[in-house]
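Visitor: My structure is below; once you've seen it, I'll send some questions.
The values are calculated or read from the model by the stated rules, or taken from the named source; none is laboratory data. Note that the structure is predicted; figures quoted are calculated from it, not measured. Positions of Cβ are backbone-derived with ideal geometry, glycine not excepted, and every protein chain shown enters the neighbour counts. All accessible areas refer to the heavy atoms of the entire protein, side chains included, with ligands and DNA or RNA removed. Shrake-Rupley method; radii C 1.70, N 1.55, O 1.52, S 1.80 Å.
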Amino acid sequence: MSYLLRIDASASGATSISRQVADSFTAAWSGTVVRRDLALDPVGHLGAAGITARTTPAGEHTPEQKAAALLQDELIEEFLGAEAYLFAVPLYNYSIPSVFKAWLDHTMVVGRTIGLGRPAPSAGRPAVVVSARGGGYGPGTPQHGKDFLVPALETILGDPVLMALDVRTITPELTYAPTMDALRHLLPQHHASLEDAHTQARRLGEEVASAADPTIA
């Protein structure tokens, strides 16, 4: 069974802009959606047991290595079973939320999800990253160049020698404008950015769904 794998990383629940825009994408997907909410069910950070389990024969695993290997197998099989990906990952302190970084660390395994010398199993599959941010990070803004999330994920998820996904990004900005006095004058730009993000999400959802199922008009 193929499906859209949706990963949510925002700690803000239903008020999360990343989740709301991702909902617009998901609404255009007519097939099965497998959803993993890392805020509600975090996987925990990768430790020594998880690292050493990858190179230790299964018959020699300690109980800790066995548990770590089972978790990694679950995450990797879930990842590889998908035909498309939706990552709702807000910008936290200029970078990747720790819960999503933990998921990546468990899932990125050479020879299983990472190519490094041979094509990755997921090469060419579509992936959309929705990353809301409280301020503005575009050219000409004071924060330009301080977004360390999108460039990192474009490399981790999209580099041909890593996961090799076909990555596209949606970045609704100025999400603090409705609640921070210092940014209230930017409310029109926030609303425009949010509307554009939902439009992009619906369009990409339709495009990815159509590519996955050519019978969709």
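Visitor: Picking from LEU186, TRP29, GLN143, whose Cα lies most toward the positive end of the charge dipole for the chain (charges on Cβ: Lys, Arg +1; Asp, Glu -1)?
Guide: GLN143
Visitor: Let me ask something else about it. Ignoring ligands, DNA and RNA, please state the percent of accessible area on the chain from carbon and sulfur, probe 1.4 Å.
Guide: Heavy-atom surface of the chain belonging to carbon and sulfur, 1.4 Å probe: 57 percent.
Visitor: Rounded to the nearest 20 debye, what is the charge dipole size of the stretch 106-194 about its Cα centre when +1 sits on each Lys and Arg Cβ and -1 on each Asp and Glu Cβ?
Guide: That gives a dipole near 200 debye.
Visitor: Between the stretch 1-75 and the stretch 141-169, how many Å separate their Cα centres?
Guide: The distance from the Cα centre of the stretch 1-75 to that of the stretch 141-169 comes to 19 Å.
Visitor: Just grab the label-to-label distance for THR15 and MET180, each label 7 Å out from Cα along the Cβ direction, in nm (one decimal).
Guide: It works out to 1.5 nm between the two label points.
Visitor: Oh, and also: Report the calculated FRET efficiency for VAL34 and ASP159 (r = Cβ-Cβ distance, R0 = 25 Å), to the nearest 0.05.
Guide: 0.55
Visitor: Sticking with this structure for a sec: What net charge is computed for the residues neighbouring ALA58, neighbours being all others with C-beta under 11 Å from the C-beta of ALA58, Lys and Arg scored +1, Asp and Glu -1?
Guide: 0
Visitor: What share of all Cα pairs of the chain, in percent, falls into each consecutive 10 Å distance bin?
Guide: 8, 31, 35, 18, 7, 1, 0
Visitor: Let me ask you something else. Go through LEU204, LEU157, THR171 and say which Cα lies farthest out towards the positive end of the charge dipole of the stretch 135-217; charges sit on Cβ, +1 for Lys and Arg, -1 for Asp and Glu.
Guide: Farthest towards the positive pole: THR171.
Visitor: If you don't mind, there's one more thing I want to ask. What is the chain's relative contact order, in percent, from Cα pairs under 8 angstrom and six or more apart in sequence?
Guide: 24 percent
Visitor: Can you tell me how the stretch 159-217 classifies by the Cα gyration tensor, rounded, prolate or oblate, using a/c under 1.5 as the rounded cut?
Guide: oblate
Visitor: Considering amide H positions built from the backbone, and no H for Pro or chain starts, which residues 5 or more places from ARG168, or on another chain, come under 5 Å of its amide H?
Guide: ALA127, VAL128, VAL129
Visitor: To the nearest 20 debye, what is the magnitude of the charge dipole of the chain about its Cα centre, counting +1 on the Cβ of each Lys and Arg and -1 on the Cβ of each Asp and Glu?
Guide: 220 debye
Visitor: Mind checking the full-extension length gain between LEU80 and ALA27? Use 0.36 nm per residue of separation minus the Cα-Cα distance, one decimal, nm.
Guide: Computed gain between LEU80 and ALA27 is 16.8 nm.
Visitor: Follow-up. What fraction of the DSSP beta bridges in the chain is antiparallel, stated in percent and rounded to the nearest 5?
Guide: Restricted to the chain, the bridges split so that about 5 percent are antiparallel.
Visitor: Among ALA53, SER122, TYR92, whose Cα sits farthest toward the positive end of the charge dipole of the stretch 31-180 (+1 at Cβ of Lys/Arg, -1 at Cβ of Asp/Glu, about the Cα centre)?
Guide: Of the listed residues, the answer is TYR92.
Visitor: Right, here's the next one. Classify the stretch 18-58: rounded, prolate or oblate, from the alpha-carbon gyration tensor (a ≥ b ≥ c, eigenvalue square roots; a/c under 1.5 rounded; otherwise prolate if a/b is larger than b/c)?
Guide: Prolate is the answer for the stretch 18-58, as a/c is 1.5 or above and a/b outweighs b/c.
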